[in-house]
1. Tally the residues that are outside any helix (DSSP H, G or I) and open to solvent by 60 Å² or more (accessible area, probe 1.4 Å), restricting the search to region 43-60.
2. Could you please find all residues in region 69-95 being surrounded by 16 or more Cβ atoms within 10 Å (Cβ to Cβ) and aliphatic (A, V, I, L, M)?
3. Go through region 61-78 and report how many residues are touching a residue at least 12 places away in the same chain (Cβ under 8 Å) and not in a helix (DSSP H, G or I).
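The values are calculated or read from the model by the stated rules, or taken from the named source; none is laboratory data. Nothing here was measured: the structure is a model prediction, and the numbers come from that model. As a convention, Cβ positions derive from the backbone with ideal geometry for all residues, glycine included, and neighbour counts pool all protein chains shown. What goes into the accessible areas is simple: the full protein's heavy atoms, side chains included, and nothing from ligands, DNA or RNA. Shrake-Rupley method; radii C 1.70, N 1.55, O 1.52, S 1.80 Å.
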Amino acid sequence: MRFLLLSLLLLGGCGLFGPRHDPDTHVPTCDDVAALADVIVLGRMRGQSRFEQRQLVERGSPLVTIHESQIESVYDWPRPTSSSEWRQLREVAVVAAHENCINRPVLTLRGLRLR
């Protein structure tokens, strides 16, 4: 019983010393691009300005060109006034981001960063 308890405690700490995720070597996927679009809409919905969104790009976005174009696209829409309009904007932004990403097969297949 003591061995089992000790093993569980030691194994629980393995995650602390294992390999860490390196954002510099991460190749963004289409899911990452779609999630970025969703977060931009959520930021706008919560009152974040276009200027604040642009500051995030300046802080080192791994998807600079895509991030900037998504910001412009989302903030160019008329500001939604109801929850259903916000939901529609989120859906349209996410679908558009995903479709745009899928239409870039050469970059994706080569494993290059989508910038």
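1. Residues meeting the conditions: 2.
2. I71, V74, L89, A93, V94
3. Adding up the residues that qualify gives 3.
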